[in-house]
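This report concerns only the one structure given below.
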Amino acid sequence: MFEQFIEALEKDFAAINDPWEKIDRINKYLDNSRSWDTELSLKWIETGLKLGTSVGYERGIFLLLIHKVFVLTLKPNIKMAEEVLEQSKGLFAGEEKWPIEAAYFYHARGVLEMDIGLTEVALESLNKSVLIARKHKVWRVQVSSLNTIGIIYLDDGRFTEARTVLLKALDAGHKEEFALGYISVCNNLGSTYRELKEYTKSRKYLEYGIKKAEELAHSTMLSSLSQEMALLYEDEGNTELAASFYKDSIKYIGGIDYLTSQVIIDYGRFMLKSPDTAEEGIELLNGIISSLDGVRSNSYLTNALEILLNYYEENSMDNESLKIYRKIVEIKKDSTKLQKSSEKRQIERELSLSWSRHIDSIFDAGRMMLEPSSLREIFEIFRMSEPFIKSSPVALLAEKDPDSEEIKVIAYRGNKYFPDYFIKIDDPDSMIAYSMRTGRNVIVRDINTESHFFTRKVRQFDPESGHPLVQSLVCIPFEREGKQCLVSIQKYEINAYERSEINLLKGLITFLGIALDAADKNEKIALLSTRDPLTNLYNRREFSRLAERCRAAHMRSRSSFRIAILDLDHFKVINDKYGHKVGDDCLVAFSELLRDILRRGTDIYARYGGEEFIILFVCADAPSSYDIIEKIRKETEALIIDADGIKVKMTVSIGIAESDENYDLDVLIERADKAMYQAKERGRNRSVLARPSKTD
């Protein structure tokens, strides 16, 4: 069938003299067959564009650019597709002058918006395309736009809505011979009915789609339909038929590309279920991983890797698990960098297309969320950022640690926060768990009619209190720094959230993720900036800050405090004789000794530099602080450090000074330092109390 299209196009192109008619013929060909061969389609598009430019045929050029957008999303080359769509805007004469072209334009824009994750904005563009196409009876575009809307609903887990819109697409497809679009609708309807567990209807549409695809000899659609049949039989527990259809789906693939990679991944996952085929499944998944690495976007590649990782972990194949895990971490790290670099640009594009009036409040809320440090404080700013969120009686923030199967939930209900609680990721009765498990947005407008997510029966009222239960809700999962997260807002009324509000919620969630990442990083940075990296004691700068605060308090109360300087004896000899690794072990061991002895929590101690340490005794009670110093000295002398089989002993010299009426911290440290050098001069391994200053 494809060869017939090509043969007809080449024949017509050679026979037609009118360049405008030639361009129209190319556009007609692309309407019917652009998904068969993307490279050949691009070749014809470039031929048409050169011809159109030479004769100034703007309408023809515009449609060629729109077709180029479609082809580039199939390759996929999203960045170039965005550039081509922007180029087409400069030629677009508007809906009134070019109504048919307008239907194509909004359909292309919707497909592109869907591919970059702006689903609510995509729905607006696609619905506009449907309205224009229906008004002007452009059935082909109406079918395609409705089908794309169905795909969005299907991916979002909105199966009832997907079924409704796909049946409309099927009805529109009867009005014009558009076999390829009709087949695609049948494929998506089969998938929708499978998700709704209506297996008989699913099989009906898939079988019809396969019949039509065989008539067209369309291998890509046959592969996709066979994959859906395999998933259907897998859900029904018929492994023999599932395996047969998986093999068919592979048979139709001419190579690994955007449309076929998921087929191979699903087949590999299926084969891992049986010990007899597991080795072949591993080989298949490794093949797709090699093919997709650096070629495709990370979603399919990560999916294949995670399937392998689960298999290796379940079978205690630790070395293989570690290799796969490192690969996943590397990919997600790169993906996070890419996402962070384009976040603001994507948000601004989304806002400018549908609800630009919210841009100031979005970025204001984002800036405010970056200020606090605690997770709950950040979430409270998020919760108060927009009226539709603030008025939701239930708001939840969930986080799953990658090393655990539990989800931690911060819950606001009614007018207060409740204690955090935990749920299992595989909980069949939790909408949060379902959304995080599948990575799908969940939008429930009436939980009484959309309760297929739950295994339990849905009630409208609590049987004990009689209070109303949640009737509509939104769950939006997102990722941040290796953690799966989710935000859910919920109300007691049905149909409580508008699409524009859900769209706005997604924009705010982007900033919420950035703010939570920033809080984590700030906490780590704060810790690193105050601690010595080797010993994890306070560093010199943090000691000075804390000591100054303590000095000021003592000055107000006219009470005294003590400073001790501790220096390990002959430490250079240890480094020179045994090496710096052993020297580091000695410093760590001495630091642990200080922690064990200085347990009362009021005293401040730090690594002051090299082998020198400092202690501020908040209470200058002479017997107490001196007894502690002597205990440190004696236990250091008795300490034996085992560093890689080398037994090392060491001693410490200590100088102590008590504050005077001037409360000058620098002078006090200098006096303690001089006393420490006196201890060294007197033979080391001893403590010396500094003489009172002249002002005493």
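The values are calculated or read from the model by the stated rules, or taken from the named source; none is laboratory data. Predicted model only: the values in this text are computed from it and were never measured. Because the Cβ atoms are built from the backbone with ideal geometry, glycine has one as well, and the counts that use them run over all protein chains shown. What goes into the accessible areas is simple: the full protein's heavy atoms, side chains included, and nothing from ligands, DNA or RNA. Shrake-Rupley method; radii C 1.70, N 1.55, O 1.52, S 1.80 Å.
Tabulated values for the structure
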| read-out | value |
| --- | --- |
| Per residue accessible area in Å² of segment 386-442, where ligands, DNA and RNA are left out and the probe is 1.4 Å | 47 |
| Cβ-defined net charge surrounding Thr148, 12 Å radius [Lys, Arg +1; Asp, Glu -1] | -2 |
| Per-pair calculated FRET efficiency, R0 = 25 Å: Arg499 and Glu83 via Cβ, rounded to 0.05 | 0.35 |
| Residue among Ser88, Ser125, Ala103 farthest towards the positive dipole end of segment 77-134, charges placed on Cβ | Ala103 |
| Net charge over other residues, Cβ less than 12 angstrom from the Cβ of Pro419 (K, R count +1; D, E count -1) | +3 |
| Cβ crowding within 10 Å averaged over residues, with 431-442, 234-245 ranked highest first | 431-442, 234-245 |
| Peptides 636-646, 652-662 ordered by average Cβ neighbours within 10 Å, highest first | 652-662, 636-646 |
| Violating pairs (Cα-Cα greater than 30 angstrom) within the set Lys424/Lys506; Lys128/Lys408; Lys323/Lys483 | Lys128/Lys408 |
| Among 148-160, 268-280, the order from most to least packed when residues are scored by Cβ within 10 Å on average | 148-160, 268-280 |
| Net charge contributed by nearby residues that have their C-beta within less than 10 Å of Leu225 (K/R +1, D/E -1) | -2 |
| Approximate spin-label separation Asp420-Leu241, in nm, with each point projected 7 Å along Cα-to-Cβ | 4.8 |
| Extension gain (nm, one decimal) between Ser54 and Glu661, 0.36 nm per residue minus Cα-Cα | 209.2 nm |
